[in-house]
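Okay, structure first, notes after.
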Amino acid sequence: MSATDTRVAPQPAPPEPPAARPALRHRLAERGIDRLLLLAVPGVLFLAVLFCYPFFYGLGLSFQPAQGGGPFANYRLFFSDPYLRETLWITLGLAVPAALINCLAAVPVAFRTRGVFRGRRLITTLLVMPITLGTVLTAQGLLGYLGPNGWFNKALLGLGIVDEPLALVHNYWGVLASLIITGFPFSYLLTLSYLTGIDPSLEQAAATLGADWRKRLRYVLLPLLAPGLAITFCLSFVLAFAVFPSAQLVGDPRKSTHVISIEAYQAAFQKFDYSLGSAIAMIMAAVMLAVVVLVLAWRSLLYRGATGGKG
Amino acid sequence: MADLVQDPTADAVTDPAAPPWWRGIRPGTWIAAVVFGFFFLQLAGVIGVPLVDSLGTRWFTSWLPEGWTTKWYGSAWREFQLGQVFWTTALVSVLVVVLSVVIGVPAAYALARRDFPGKKAVLLLFVLPILVPPLTYGIPLATVLYKFQLAGTLTGVVLANLVPSVPFVVLTMTPFIEQIDPRIEAAARMCGARTGSVLLRVLAPLLVPGILAASVLVLVRTVGMFELTFLTAGPDSQTLVVALYYAVFSAGIRTQQSIDAMAVMYTLSMLVLLVVALRFVNPTQLVTRVKDDRSA
């Protein structure tokens with residue numbers, strides 16, 4: 001650096017010697033690149049090796065079908081075989097209602113538990129507790145509770161609401177119930193988190209201007225909560241879309257709850273057709289991405305300000 | 001639960017001439033109470049059946065079993081070799097927690113302190129494994145692990161479980177680190193501390209609460225992680241969730257009550273972990289961090 005300085009002929013009073021370029025290290029540091037970033041390298045490398053590489057490996061593998069027939073044979077097979085194609089609709093038919101129910105039920109509960117009150121910790125813990133159940137206990141519980149001899153049907157029969165036991169397990173309803181039990185806590189936590197992130201002074205201001213609770217809810221809180229709700233819906237949808245163990249255990253995995261993840265697992269690890277398994281996993285990822293993009297595109301039409309929670 | 005809520009904006013009904021107290025409760029409260037009550041009633045039933053079954057002798061079509069016993073817990077412990085399974089679960093979880101903290105915390109520090117070109121791409125890389133459900137990337141990941149003969153081993157299970165855990169640590173730690181005033185580090189550097197000692201002697205003590213919170217959450221997630229372990233575990237590297245699934249799903253006649261006993265043991269251990277986690281982490285502040293002093 002000093003070498004370039006000496007080459008400049010002495011001049012009366014140059015305001016800034018134009019030839020004096022700071023070292024590369026300094027220029028990079030100005031843009032935020034310095035040795036500190038090395039700390040992030042192990043994490044990035046780790047994910048590149050164990051997340052990106054397998055993903056692209058799987059993507060490549062999905063275009064090399066085991067039976068031959070051109071690069072798109074797996075995808076053609078999936079969309080031309082009605083039994084395989086149907087899995088997509090079955091999964092959407094489970095995931096969309098489950099995500100909607102979880103979001104809509106989470107909103108009133110989150111509104112009632114957002115303030116500080118006695119026993120709030122207990123209630124939050126109780127609401128979050130289903131996370132601890134695990135699929136198998138949930139499945140065993142649903143099979144026993146909703147089964148033909150279970151407490152639920154016994155109670156309905158005893159109250160005279162139904163004449164014969166309802167068929168609620170080993171079909172669509174069992175899996176939906178399982179998705180709600182495991183998904184509701186997540187939706188509730190997220191909704192509550194977004195709701196408590198809304199600055200309370202906005203609601204107080206509306207109250208000062210004479211808005212009753214209906215108006216505050218309609219014109220202040222819900223618009224601010226909407227982006228958070230969109231995210232909550234996306235996450236619940238993604239969780240429900242990948243439903244796997246409960247569809248096997250409480251559902252009817254060959255027919256009415258033959259979801260896409262069962263087919264992906266069976267193709268890859270029971271028939272050892274890794275290529276078809278990867279192709280189905282890629283289709284799953286694409287459908288999920290499409291729904292998430294759709295919801296987020298709709299969300300971006302809404303106000304997204306400083307107080308509406310992080311995106 | 002309406003009487004629990006001390007909402008300052010609720011219309012307090014104290015006037016004797018006013019309508020009875022329940023008329024003052026807003027519809028929102030009714031809806032919440034109904035949703036809440038219905039959810040818990042069903043939940044109690046769903047939890048109650050396996051719990052009662054695991055403690056009962058014979059139970060066919062009556063409301064409750066004929067008698068009570070605890071023998072199923074002992075037989076489940078022997079039948080499913082739960083000693084081995086619990087040991088594997090503990091080993092996998094501890095390894096995942098330690099490794100994800102070691103890899104994740106420095107990355108979180110770099111992301112919190114520096115703004116660099118391409119930061120958005122790096123953030124996306126850290127968000128994706130959390131957003132995408134494990135099964136979609138788990139299938140290609142397991143395929144790759146099989147290729148390198150790591151699937152079926154403890155290493156494979158740990159590696160697979162690290163994929164969502166490392167980003168999780170990064171994303172929970174970044175806001176923690178952002179809250180620490182960088183002037184503290186600048187002061188330490190002024191006094192001649194090198195990066196290593198700034199990290200170890202200045203930042204680490206300040207970060208301990210955050211690291212504990214992230215560790216406990218990663219622990220809960222790893223113990224409960226079904227899909228990734230299921231796809232990568234071999235017969236002797238199964239964690240509790242996976243062993244439980246195989247107990248229900250694999251062929252052969254298993255005693256229903258033993259499986260229920262095992263499921264209850266799993267749930268109890270998860271419950272302990274969750275209660276511990278909730279002592280460290282305020283679940284409502286995972287997404288947005290606003291000061292929690294709005295009781296007025």
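Restrict the check to the stretch B:190-199 and report whether at least one residue is closer than 26 Å to residue B:262 by Cα and within 11 Å of another protein chain (Cβ to nearest Cβ). Full working, then the answer.
At the first step, the residues of the stretch B:190-199 found to be closer than 26 Å to residue B:262 by Cα are none.
No, the stretch B:190-199 contains no residue that is closer than 26 Å to residue B:262 by Cα and within 11 Å of another protein chain (Cβ to nearest Cβ).
Give the stretch B:250-272 a look and list any residue that's within 17 Å of residue B:81 (Cβ to Cβ) and either modelled with pLDDT of 80 or more or of a type outside the set (D, E, K, R) (or both), or say none. Working first, answer last.
Of the residues in the stretch B:250-272, the ones within 17 Å of residue B:81 (Cβ to Cβ) are B:250, B:252, B:254-255, B:258-259, B:261-263, B:265-266, B:269.
Residues satisfying the conditions are B:250, B:252, B:255, B:258, B:259, B:261, B:262, B:263, B:265, B:266, B:269.
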- Does residue A:220 satisfy the condition of being within 11 Å of another protein chain (Cβ to nearest Cβ), at pLDDT 85 or above and either more than 21 Å from residue A:183 (Cα to Cα) or buried (at least 16 other Cβ atoms within 10 Å of the Cβ) (or both)? no
- Note on the structure: Scanning the stretch B:133-161 residue by residue, those more than 7 Å from chain A (Cβ to nearest Cβ) and among the aliphatic types (A, V, I, L, M) turn out to be B:142, B:145, B:150, B:151, B:154, B:157, B:158, B:160
- Taking the stretch B:231-246 and keeping only residues that are closer than 19 Å to residue A:138 by Cβ, more than 8 Å from chain A (Cβ to nearest Cβ) and buried (at least 21 other Cβ atoms within 10 Å of the Cβ), one is left with B:239, B:240, B:242, B:243
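What about residue A:207, is it surrounded by fewer than 18 Cβ atoms within 10 Å (Cβ to Cβ), within 8 Å of chain B (Cβ to nearest Cβ) and modelled with pLDDT of 85 or more?
Numbers: surrounded by fewer than 18 Cβ atoms within 10 Å (Cβ to Cβ): yes; within 8 Å of chain B (Cβ to nearest Cβ): yes; modelled with pLDDT of 85 or more: yes.
Against the criterion (surrounded by fewer than 18 Cβ atoms within 10 Å (Cβ to Cβ), within 8 Å of chain B (Cβ to nearest Cβ) and modelled with pLDDT of 85 or more), residue A:207 qualifies.
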- Item | Tabulated pairs, the stretch B:33-52, first part of a helix (DSSP H, G or I), second aliphatic (A, V, I, L, M) and surrounded by fewer than 19 Cβ atoms within 10 Å (Cβ to Cβ), C-beta under 6 angstrom, 6+ apart or interchain | B:33/B:1
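Which ones in the stretch B:64-109 are among the small types (Gly, Ala, Ser) and either surrounded by 20 or more Cβ atoms within 10 Å (Cβ to Cβ) or within 14 Å of another protein chain (Cβ to nearest Cβ) (or both)? Step through it out loud before you land on a result.
Here is the first cut: in the stretch B:64-109, the ones among the small types (Gly, Ala, Ser) are B:67, B:74-76, B:83, B:90, B:93, B:100, B:104, B:107-108.
B:76, B:93, B:100, B:104, B:107, B:108 - these are the residues of the stretch B:64-109 that are among the small types (Gly, Ala, Ser) and either surrounded by 20 or more Cβ atoms within 10 Å (Cβ to Cβ) or within 14 Å of another protein chain (Cβ to nearest Cβ) (or both).
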- Task: From the list A:236, A:201, A:275, pick out the single residue that is modelled with pLDDT of 85 or more, in contact with a Gly (Cβ under 6 Å, 6 or more places away or on another chain) and more than 8 Å from chain B (Cβ to nearest Cβ).
- Result: A:236
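When residues of the stretch A:27-48 are filtered for being more than 7 Å from chain B (Cβ to nearest Cβ) and over 16 Å from residue B:130 (Cα atoms), how many remain? Before the answer, list the steps.
If we filter the stretch A:27-48 for residues that are more than 7 Å from chain B (Cβ to nearest Cβ), which is where we start, we get A:27-30, A:34-35, A:38, A:41, A:45, A:48.
Then drop every residue that is not over 16 Å from residue B:130 (Cα atoms), which leaves A:27-30, A:34-35, A:38, A:41, A:45.
Matching residues across the stretch A:27-48 total 9.
Whether any residue in the stretch A:108-127 is under 24 Å from residue A:247 (Cβ atoms) and either in a helix (DSSP H, G or I) or under 25 Å from the mean Cα position of the chain (by Cα) (or both) is what I want to check. Can you show your working first?
Restricting attention to the stretch A:108-127, the residues satisfying the condition of being under 24 Å from residue A:247 (Cβ atoms) are none.
No; the residues of the stretch A:108-127 include none that is under 24 Å from residue A:247 (Cβ atoms) and either in a helix (DSSP H, G or I) or under 25 Å from the mean Cα position of the chain (by Cα) (or both).
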- Query: What is the number of the single condition among (1) touching a Phe, Trp or Tyr at 6+ places or on another chain (Cβ under 7 Å); (2) in a loop (DSSP other than H, G, I, E, B); (3) of a type in the set (S, T, N, Q) that residue A:64 does not meet?
  - Reply: (1)
- Task: Please name all residue pairs, on different chains or six or more residues apart, with Cβ atoms under 7 Å, provided the first residue is in the stretch B:263-291 and is facing chain A (nearest Cβ under 8 Å) and within 21 Å of residue A:106 (Cα to Cα) and the second residue is crowded, with 17+ Cβ neighbours inside 10 Å and modelled with pLDDT of 90 or more.
- Result: none
- Evaluate the following for residue B:124: is it more than 10 Å from chain A (Cβ to nearest Cβ) and within 22 Å of residue A:33 (Cβ to Cβ)? yes
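The values are calculated or read from the model by the stated rules, or taken from the named source; none is laboratory data. Owing to the predicted nature of the structure, the values given are computational and were not obtained by experimental measurement. Here Cβ is always computed from backbone atoms with ideal geometry, including for glycine, and neighbour counts include all displayed protein chains.
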